[in-house]
1. Suppose we keep only residues that are away from DNA strand C (no atom under 16 Å from the Cβ) and of a type outside the set (A, V, I, L, M, F, W, C) within the range A:8-20. Which one would you say is modelled with the highest pLDDT?
2. List pairs: first in the range B:143-169 and in contact (Cβ under 8 Å) with a residue 60 or more places away in the chain, second in a loop (DSSP other than H, G, I, E, B), Cβ under 6 Å, 6+ apart or cross-chain?
3. May I ask you to verify whether A:Ser99 is away from chain B (no Cβ under 12 Å) and within 20 Å of B:Leu193 (Cβ to Cβ)?
4. Restricting to the range B:122-142, name every residue that is free of Cβ contacts under 8 Å to residues at least 24 places away in the same chain and of a type in the set (A, V, I, L, M).
5. Would you mind telling me which numbered condition in (1) within 12 Å of another protein chain (Cβ to nearest Cβ); (2) farther than 27 Å from B:Val118 by Cβ; (3) in a helix (DSSP H, G or I) A:Glu132 fails?
6. For the list (1) assigned to a loop (DSSP other than H, G, I, E, B); (2) facing chain A (nearest Cβ under 7 Å), I need the number of the one condition that B:Val159 fails.
7. Going through the range A:21-70 one residue at a time, which ones are within 14 Å of chain B (Cβ to nearest Cβ) and within 9 Å of DNA strand C (Cβ to nearest atom)?
8. Here are some residues: A:His129, A:His108, A:His112, A:His183. Which one is out of contact with any helix residue (DSSP H, G or I) (no Cβ under 9 Å at 6 or more places or on another chain) and not charged (D, E, K, R)?
Number of protein chains: 2
Amino acid sequence: MHGVNVSAITSPLVWEHVQPAAARRLLTGAIDAFAERGFQATTTRDIASRAGMSPAALYVHYPSKERLLFEISRYGHQAALDVLRDADSGDSPAERLRSMVEAFTAWHAEHHTIARVVQYELAALTPEHLAEVATIRRAISAQIEQVLSDGVADGSLAVDDLPGTTLAVLSLSIDVARWYTPHRGDPAALGKLYAELAQRMVQT
Amino acid sequence: MHGVNVSAITSPLVWEHVQPAAARRLLTGAIDAFAERGFQATTTRDIASRAGMSPAALYVHYPSKERLLFEISRYGHQAALDVLRDADSGDSPAERLRSMVEAFTAWHAEHHTIARVVQYELAALTPEHLAEVATIRRAISAQIEQVLSDGVADGSLAVDDLPGTTLAVLSLSIDVARWYTPHRGDPAALGKLYAELAQRMVQT
DNA sequence: GGCGAAGCTAAGCAAGCGCTTAGCGAAGCG
DNA sequence: CGCTTCGCTAAGCGCTTGCTTAGCTTCGCC
């Protein structure tokens, strides 16, 4: 936690670990489709055709459409948490918060398709799969709560309602996934703006 | 604009104007269903059974499932805009902003089922219907932008990036619809917290 | 008291859904 | 070579979907 920054504002979100290539094409096709239309409105035929395959080929690599969603959701949640943890660096709680909000916001813009699946398709997961990503979600929330709490402890940040303010800071970044498109500014600039706004929310 | 406050933080969201009563039961049932599962995952049979009717009865009152969504979305958008306009009162831009964010946030919590439909089911509307609610959405955005702009003009608010900050302020309130449930605090308290946070974001 | 309109239901239709089955060709390997 | 495994397709199964049709009852109204 809050060690040396590994420098990247957004972690490179690659899928090379998904093998074979056809499984990866199905996965990235599913991300696009789920982000565009939502899980329920996306058909297995649509996902398969984006990957250039017949509908049945999907089931060679994934046992169900829901499982495809789960793989995306789990990996997306983990990537978001990793970004937050990597950004937890700086000498003061204020600096750490700034760095985390900047990176988390930029990630939601840069990877807004995955972020949309992560944030808005939870209801389509099975209870077991939902429970698994919920664990990661709690870690994400805890990461923000910790830095705010540290700031309260050393008197450098002003936070009246800790859980409420934690949620608000997270909300700011998360909602980026809802409205962001590439023509609405670049992720890095957005990250800087939101980091500034978040810091102002809690400064003494 | 920014006249005398009509006093309510959340406008009473009633559907008495929807006649007959069966049409109203279908509408409120659809709101609950759409908010719970999303438009695509909701069946006409589910909506009808929530209203205590057979599936065919839906088509006596509405020509399609999408039309039902549109009626909800249009009325919900208008109600949200009305809340913002009623709250645009106060002697300074800072006071007006506080009042608007407080009311807008509280509305999204109080009416989180309708708000979820309003904010997250736009993709299911026909292009024509989407265009109609988009007009109301622009008015909502303009309402916030105006007060920030007034604050910049008289030097009472510090806003670097006007469109970006407008979006951020709106985001804060809108995202409430995503996570709010009644057990997470009462809408009025949430409104006050968020009003405070928003004001801090732009104070000189 | 006859009659049309309003509000509803039972039944069902065509289309599309997630997913399965059967089988084919290419690659890997003894 | 002979045989298995892997990745894939064509076809289609059982089911659910949004919506329609035909017909029933209840009501107001002249």
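The values are calculated or read from the model by the stated rules, or taken from the named source; none is laboratory data. These numbers come from a predicted model, not from an experiment. Every residue, glycine as well, gets a Cβ built from its backbone with ideal geometry; the counts of neighbours run over all protein chains shown.
1. A:His17
2. As it stands, the answer is B:Ser156/B:Ser92, since those pairs meet every condition given.
3. So A:Ser99 does not fit the description; no.
4. B:Ala123, B:Leu130, B:Ala131, B:Ala134, B:Ala142
5. For A:Glu132, the failing item is (1).
6. Every listed condition holds for B:Val159 apart from (2).
7. Listed by number, the residues that qualify are A:Phe39, A:Gln40, A:Ala41, A:Thr42, A:Thr43, A:Asp46, A:Lys65, A:Glu66.
8. Values: A:His129 fails: out of contact with any helix residue (DSSP H, G or I) (no Cβ under 9 Å at 6 or more places or on another chain); A:His108 fails: out of contact with any helix residue (DSSP H, G or I) (no Cβ under 9 Å at 6 or more places or on another chain); A:His112 fails: out of contact with any helix residue (DSSP H, G or I) (no Cβ under 9 Å at 6 or more places or on another chain).
So the residue among A:His129, A:His108, A:His112, A:His183 that is out of contact with any helix residue (DSSP H, G or I) (no Cβ under 9 Å at 6 or more places or on another chain) and not charged (D, E, K, R) is A:His183.
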